[in-house]
Every structure is written in C-alpha cells, then in structure tokens.
Amino acid sequence: MLERLRLLLPPPVDPVEPGRPDGWAGIEARLGTGLPGDFKAFTELYGSGQVDEFLYLFNPFAAGQDGNLLFEKDRVLEAYAQTRARFPRRLPLPPFPEPGGVLPLGRTDNGDELFWVTEGDPDAWWVTLLESRTTMQEDHHLPVTGFLVQLATGELASQVIPAEVTNRPSHQFLPFA
C-alpha cells in the first residue's frame, strides 16, 4: 500500500521530523502497544505534515506536544471517554487500552478525530473516524495507508471527510514548516 501511496501522494524530499527505525521500540514502550508497520513506514517517509492542508496524522517524533502521538493520546482519549459516557450508543468502541479500544491516530482541520481500532495484531488495525459535531463514528476497515490511498484516488466514501476534500482531482502532502 505504501508504494501505491508514494505514487499518488508523493512524500516530501526533505521530511520534517521523520520517524527513525531505532526510535520505535521506545515509542511503543511508552504507548504500551506495538504500532502498525505501515504507520511506521509512513512516518519515516513523510514525517510531520498535512494531506491537502486538511488531515494530519499524529507523529510520535514531533518535537512539540501538538500533533505528537505520545502527548495527544491521553488528551484525545480523555475527551473520547467523556463523550462516550454521554453518548454510548453513538460511540460503541471503548477507549484504548481496553481490548478493541480506539487509539488516536490523527485529526482534521474540522476537529474530526481519526483513530485506530486496536483489535488483534497492530498490522490488522483499521481506521475509524469520529465526526466532531455529531459524534458519528465511521469505520473504514483499512490500514492507515489504505485509507490514504482511497482518499488520494477519490475512492474514499465518507460522511465525515468533506466532499471538497475527497473529490479533489489531485492530493498533496505538505510538510509542516
């Protein structure tokens, strides 16, 4: 999937805060879980940035707290747990580290949250979106790179990601400055 994504959404020549192969063990120890291999490869290749100036994935190698997976995890999960307590039917998935719980993955400029559903082996995790204003949860049974490939090809069917993003004729990854 990553090779297809590279063709559709070229990575930056000089990525900002790219992942380091020797840094993942420490990251995963701090998170208390392994992470999907495609996410690690994406982070090493793309670093920190945004897809279409709209969607970004949390990067555990980011220097600051904003957008850093290690810092965002607790903040996002606390808000998710509070919202889930108020709307349990709308948010049936528990927060991580409960079995099959959601683990924050990223965010959109509209405030929508992207999560992994941590069911089974990390390489089998899929993406779920939480729409910020209606607490609608939308499952995409794809790894993160598969989700991005569908976005880049215009094949992503989503009620959360706006049509002006999903229907663009081309997409780009812009590294953070």
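Within the accessible area of the range 1-69, the carbon and sulfur atoms contribute 51%, probe 1.4 Å, all protein chains present. Reducing the range 139-177 and the range 43-112 to their Cα centroids gives an inter-centroid distance of 17 Å. Rounded to the nearest 20 debye, the dipole magnitude of the chain is 340 debye, with +1 charges on Lys and Arg beta carbons, -1 on Asp and Glu beta carbons, and the Cα centre as origin. Comparing ALA29, ALA41, PRO18 along the charge dipole axis of the range 1-90, the residue lying farthest to the positive side is ALA29, per the Cβ-charge model. Classify the chain as rounded, prolate or oblate from the Cα gyration tensor: take a ≥ b ≥ c as the square roots of its eigenvalues, call it rounded if a/c is under 1.5, otherwise prolate when a/b beats b/c and oblate if not. Oblate is the answer for the chain, as a/c is 1.5 or above yet b/c matches or exceeds a/b. Applying a DSSP loop filter and a limit of 16 other Cβ atoms within 10 Å to the GluC sites (Glu not before Pro) in the range 1-100 leaves GLU53.
Rolling a 1.4 Å sphere over the protein heavy atoms, what is the accessible area per residue of the chain, to the nearest Å²? Value for the chain: 48 Å² per residue. Each Lys and Arg Cβ is given +1 and each Asp and Glu Cβ -1; about its Cα centre, the range 1-75 then shows a dipole of about 180 debye.
Which value in deg cm²/dmol, rounded to the nearest 500, describes the helix-derived mean residue ellipticity at 222 nm for the chain, given -39,500 (n - 2.57) per DSSP H run of n ≥ 4 and division by the residue count? Using -39500 (n - 2.57) per qualifying helix, the result is -9500 deg cm²/dmol. Each residue of the range 4-21 is assigned a 3J(HN,Hα), and the resulting list reads 5, 4, 4, 6, 7, 9, x, x, x, 5, 10, x, 8, 6, x, x, 10, x Hz, derived from the Karplus form 6.51 cos²θ - 1.76 cosθ + 1.60 (θ = phi - 60°), x at Gly and Pro. Once C-alpha pairs closer than 8 Å and six or more residues apart are averaged by separation and normalised to the residue number of the chain, the relative contact order reads 25 percent. Counting charges near LYS73 (Lys, Arg +1; Asp, Glu -1) among other residues having Cβ under 15 Å from its Cβ returns a value of -4.
The values are calculated or read from the model by the stated rules, or taken from the named source; none is laboratory data. All of these numbers come straight from a predicted model, not from anything done at the bench. Reconstructed Cβ throughout: ideal geometry from the backbone, glycine too, with neighbour counts over all protein chains shown. Ligands, DNA and RNA are stripped out before the accessible areas are found, and what is left, the full protein with its side chains, is counted by its heavy atoms. Shrake-Rupley method; radii C 1.70, N 1.55, O 1.52, S 1.80 Å.
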